[in-house]
1. Could you let me know the centre-to-centre spacing of the range 56-109 and the range 202-222, using Cα atoms, in angstrom?
2. Mind checking which lysines have their C-alpha under 20 Å from LYS298, skipping anything on the same chain fewer than 8 residues away?
3. How much length is gained if the chain between THR151 and ARG314 is pulled fully straight, taking 0.36 nm per residue apart and subtracting their Cα-Cα distance, in nm to one decimal?
4. Name the residue, out of ARG48, ARG230, ARG28, whose mean-square fluctuation peaks in a Gaussian network model built on the chain with Cα pairs under 10 Å.
5. Around THR100, what is the net charge, scoring Lys/Arg as +1 and Asp/Glu as -1 over all other residues with Cβ under 14 Å from its Cβ?
6. Once you have the Cα-Cα distance between MET296 and ALA226, take 0.36 nm times their residue separation minus that, and quote the gain in nm to one decimal.
7. Identify which of LEU117, LEU195, LEU75 has the largest mean-square fluctuation in a Gaussian network model of the chain, with springs joining Cα atoms closer than 10 Å.
8. What does the highest-first list of 59-65, 240-246 look like by mean Cβ count within 10 Å?
Amino acid sequence: MTIDEYLKSRRAMVEATLERELPPADTRPAIIHEAMRYAVLGGGKRIRPILAIAAAEACGANIEPLLKAFSSLELIHTYSLVHDDLPALDNDDLRRGRKTTHVVFGEAMGILAGDALLTEAFSWLATPIGGVDAARQVRAIAEVARAVDSTGMIGGQVADLEATGQSLMEGQAPRLSTEPTGEAPVAPRRHLEQLQFIHHNKTGKLLTGSVLLGGILSGADDDTIATLKRYGQATGLAFQIVDDLLDIEESAATLGKTAGKDVEQGKLTYPALMGVEAARAEAGRLLGEAVANAYMIKGPLNYLAAIARFICDRRS
Ligand code: GRG
């Protein structure tokens, strides 16, 4: 199976699970369930559940009974997108090639749909799974919770807001290496550290948590979990650097979301701090690290390396 066939088939499993398990749109009160379904079932690469599936398969698990737990990752991810697009945060009206949830359903419903998706996710995670003992499942749930709490994804988002405000206040909006001088910017050490903290927490922890969810629910041993964690961290950081590069290089039509926003908002990003070429090189180095760790897992079906490559080569 090629990586494209693999991604297509696993994405179909996730889509079917989301479609089946989300409350029907006419569940009372209908508007919140319509908004939840609109937000979740509107496209998206489904990378996080696919990473969990791939980790579980690399560990030799039968993924069928685990699909509901894995698909909960997409609910968490979608909630973060819905809230990030709200007027108080990014104030965006385009996501996954469609109007954002709050634009269609109103701001209050955007807030509540995000809240409901996060809660629904933990309900899916806590649903008993045949063949998985309760202690292992509790450990997996705690891992996902830590990935997105105030020391994880939310902490990363807060640090991002602080950094954006700070660079604007100091009149230090990062300078791009694509400016006419062609010179690569010199990244102050403080900014690089801050940027690593933001990316590690805001994006990296949920991606790593997805891989760990797959490993833990499969009953992987501690060494394998540690390898999966290194794979997830390298892949997660590479994912965000590529996202930063795509924001500069691609159009809104290709991305399905507003392009060029990072520069407009004076955001701390890898290309802004170190230049496009150095950012691309760093993504390549991280890809190497991810692939090396992926190959250390000797399961029967291992697409982890191919997924890391897909993440680095993607155009949206
Ligand atoms: C809870 C408000 C709030 C924010 C948390 C994750 C996050 C922080 C905000 C979402 C917006 C953002 C730019 C996140 C960075 C991670 C990222 C590149 C998300 C896009 O993920 P993809 O490419 O999107 O997997 P699709 O649409 O394919 O699911």
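Values in this text are rule-based calculations from the coordinates and carry no lab data. Every value quoted in this text rests on a predicted model; they were computed, and no experiment measured them. With ideal geometry, Cβ positions are generated from the backbone for all residues, glycine too; neighbour counts draw on all protein chains shown.
1. Answer, in whole Å: 18.
2. Result set, ordered by chain and number: LYS229.
3. Numbers: separation 163, 0.36 × 163 = 58.68 nm, distance 2.87 nm.
Answer, rounded to one decimal: 55.8 nm.
4. Answer for the Gaussian network model of the chain: ARG28.
5. Numbers: positive: ARG95, ARG96, ARG98, LYS99, LYS257, LYS261; negative: ASP84, ASP85, ASP90, ASP92, ASP93, GLU107.
Net of charged neighbours comes to 0.
6. Details: separation 70, 0.36 × 70 = 25.20 nm, distance 1.09 nm.
Using 0.36 nm per residue and subtracting the Cα-Cα distance, I get 24.1 nm.
7. Judging by the Gaussian network model, the answer is LEU195.
8. Working: 59-65: 16.0, 240-246: 21.3.
By packing density, highest mean first, the sequence is 240-246, 59-65.
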